[in-house]
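Okay, structure first, notes after.
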There are 2 protein chains.
Amino acid sequence: MKVLVVGSVAYDDVETFAGSVRRVLGGSATFFSMASSLFAPTQIVAVVGDDFDASDLDRITVRGVDTGGVARAPGATFRWGGRYDPQFRSRETLFTELNVFAQFDPQLPVAYRESAVVFLANIHPTLQLSVLDQARRPKIVACDTMNFWIHGEPAALKAVLRRVDILFVNDEEALALTGEANMLHAARCIRAMGPATVVIKRGEHGAWLFHGDHITVVPAVPLATVVDPTGAGDTFAGGFMGFIAHALERGSILDGALYAQAMVAGTLTASFAVEGFSIDAIEAANIDRLTERHARLCAAMAPRDLPW
Amino acid sequence: MKVLVVGSVAYDDVETFAGSVRRVLGGSATFFSMASSLFAPTQIVAVVGDDFDASDLDRITVRGVDTGGVARAPGATFRWGGRYDPQFRSRETLFTELNVFAQFDPQLPVAYRESAVVFLANIHPTLQLSVLDQARRPKIVACDTMNFWIHGEPAALKAVLRRVDILFVNDEEALALTGEANMLHAARCIRAMGPATVVIKRGEHGAWLFHGDHITVVPAVPLATVVDPTGAGDTFAGGFMGFIAHALERGSILDGALYAQAMVAGTLTASFAVEGFSIDAIEAANIDRLTERHARLCAAMAPRDLPW
């Protein structure tokens, strides 16, 4: 099954405890596709400016990602700059230059409209709706969002939520979206808005899955080296959705057990993203290295036997 | 095996999203002993003022805790007041009145000096050393501390660390104590200071255990009702150390597998503490209810099978 992602391809400036980089490849669709393509064929719809280096697109294409849906427009590529505190607890946005992304009007190539697995990365909810109108009978649709849309475009965002199966958000966004103070209440409230499944991304603390009456808690892989968390959430979603596409391809049923496995796939994939700037570390990931890391994660997991 | 805890018994004023209470029973030794006594006989050394209600001590004694080591001194009982933000992400100390606690000089009754399991709650490191000097050949010693001592009494604290087997700290304290930005590096650094085992308490995100070359990550029990996190860390330590005493009693070996089980015992016990103000909820916990909650925690744990 094919995965379609619609989002941003960007150039980022990032400062962290580990160093700083300028004009490195970033963007939600970039990170997502680098992750999902580990598991399933992936198609990407985005826009870049005429300053965009062909060699950067090659880094995505060489992974097997179909970048035919990346449009080139006159002007500069979307740019974002951010700085993280030494413990990666918060980040400060230094600048956001939308550039060609300001006029982004995602058009799905005909060959992309039949994708079974669709991910609407964090873009304007109206654009997310436009993508949904162009997609034909996807088996599963997920979206991401952010506080900017939660507060600025609540009606359009709610229209999106009525049409998606899974929402990926971080804990702060989940609380902001619902006005709740407790994550279990927030998840229940989000599920009442539409998505049957809610994934709360908690950074170094892992992620929580809400599906049916069930919660699954997956810890992040403990890492001694964290260089740059930029894109970790999109990488998580890419690993999750790519794994789902892979599992559907081999005949799996979309149920809670499959989603719980997808949480592990997303966790393992995201653990690579943070070990380098840009896509440097996720670029070096492959199924063998994910398998090794799975063993490390399992070794760190709490015992299940009753202790008394 | 018996557990000895030396720490505070206090009256707290607490304001949370769920309400506010005044002059309720609190203190590190209180929470710890309410938890450890679920698993093993527990002895408590603390001081209260002449304003202390006998009925409050009864709430601890009725649990089977030996409160013969609680001294009564002229003056008021230690008082602390705090306010939590609605999501329990931070707390503001409104006041700290040491009162009789300012002259606390812990004296171990003779019958307490043979305790096999010793917990030095968060008190002045010089007092923690004094307790260690009075204890005779404990099998295992753990301590807690806080930023106030890390910054204010580094030499005395380091003398304590050289003599304990386990340090319980939260993530912020672990980073402050070591100057590290990464938790794995911080834990390694703490272990070089003395404790062979380090437990990092992470609140709603659970806890991490470092023992040998091994990490164990235990998620917190997902809770729909959180009333007051005060004392959760001491309750966690109480469940952990009480379980260790129980396990040693039945002949278990002190190894990584036992510590990993103790992490689960601490997690389950702490999950009760936060569901009420003061000791209200932990007071209602018992082994049957812990067992039920263990099933809930296991149901929420990530699957271990390789997802692909």
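Every number in this text was worked out from the coordinates using simple rules, so none of it is lab data. Treat the numbers as computed from the prediction; the structure is a model and nothing was measured. Positions of Cβ are generated from backbone atoms using ideal geometry, with glycine treated the same way; all protein chains shown enter the neighbour counts.
Determine the equivalent ellipsoid of the range A:3-300 by diagonalising the alpha-carbon gyration tensor, then write out the semi-axes as square roots of 5 times the eigenvalues, largest first, rounded to whole Å.
So the equivalent ellipsoid measures 25, 23, 20 Å along its semi-axes.
Need one value for A:217-223: mean number of C-beta atoms belonging to other chains within 10 Å of its residues' C-beta atoms.
6
Gaussian network model of chain B, Cα springs within a sub-10 Å range: biggest mean-square fluctuation belongs to which of B:THR145, B:THR42, B:THR269?
Most flexible of the set in this elastic network: B:THR145.
Please compute, for peptide A:164-172, the average count of beta-carbon atoms on other protein chains lying within 10 Å of each residue's beta-carbon.
For peptide A:164-172, the averaged partner shielding equals 1.
Where in chain A are the helices, taken as whole DSSP H runs, whose Cα atoms extend 24 angstrom or more along the long axis and whose Kyte-Doolittle mean reaches at least 1.0?
Helix filter hits for chain A: A:256-273.
Which residue is it, in chain B, whose C-beta lies closest to the B-to-A rotation axis, and what is that distance in whole Å?
Residue of B nearest the axis onto A, distance in Å: B:HIS205, 2.
Just checking the output field for A:198-210: average partner chain Cβ neighbours within 10 Å of each residue's Cβ?
2
With unit charges on the beta carbons (Lys and Arg positive, Asp and Glu negative) and the dipole taken about the Cα centre of the protein assembly as shown, which residue among B:VAL131, A:GLY82, A:VAL14 sits farthest to the positive side?
Of B:VAL131, A:GLY82, A:VAL14, it is B:VAL131.
For each of A:PHE272, A:PHE236, count neighbouring Cβ atoms within 10 Å of the residue's Cβ, then give the residues from fewest to most.
Taking fewest neighbouring Cβ atoms as first place, the list is A:PHE272, A:PHE236.
Would the range A:39-190 count as rounded, prolate or oblate if I go by the C-alpha gyration tensor, calling it rounded below 1.5 in a/c and otherwise prolate when a/b exceeds b/c, oblate otherwise?
Here the range A:39-190 falls in the oblate category.
Using a label point 7 angstrom from Cα along Cα-to-C-beta, what distances in nm, from shortest up, separate B:THR126 from the other copies?
6.8
To make sure I understand, if each residue's beta carbon is the centre and we count other beta carbons within 10 Å, what order do B:HIS205, B:HIS214 fall in, fewest to most?
B:HIS214, B:HIS205
How far, in nm to one decimal, is B:PHE148 from itself in the other copies if the label point is set 7 angstrom along Cα toward Cβ? Shortest first, please.
Taking the point 7 Å beyond Cα along Cα→Cβ, the inter-copy spacings are 4.4 nm.
Going by average Cβ neighbours within 10 Å, how do the peptides A:278-284, A:116-122 rank, with the highest at the top?
In descending order of packing, they fall as A:116-122, A:278-284.
What does the copy distance list look like for A:GLY251, label position 7 Å along Cα→Cβ, in nm and ordered from shortest?
Distances to the matching label points in the other copies: 5.0 nm.
Using only helices, what value at 222 nm comes out for the protein assembly as shown when you add -39,500 (n - 2.57) per DSSP H run of length 4 or more and divide by the total residues, to the nearest 500 deg cm²/dmol?
So the calculated ellipticity at 222 nm is -11000 deg cm²/dmol.
Assign unit charges at the C-beta atoms only (+1 for Lys and Arg, -1 for Asp and Glu), then state the dipole size of the protein assembly as shown relative to its Cα centre in Debye, rounded to the nearest 20.
The calculated dipole for the protein assembly as shown is roughly 1040 debye.
Say we join alpha carbon atoms closer than 10 Å with springs in a Gaussian network model of chain B; which of B:ALA220, B:ALA54, B:ALA46 then has the biggest fluctuation?
Result for chain B, Cα springs under 10 Å: B:ALA54 fluctuates most.
Which order do B:TRP80, B:TRP308, B:TRP208 fall in if you start with the one that has the fewest other Cβ atoms within 10 Å?
Result, fewest neighbours first: B:TRP308, B:TRP80, B:TRP208.
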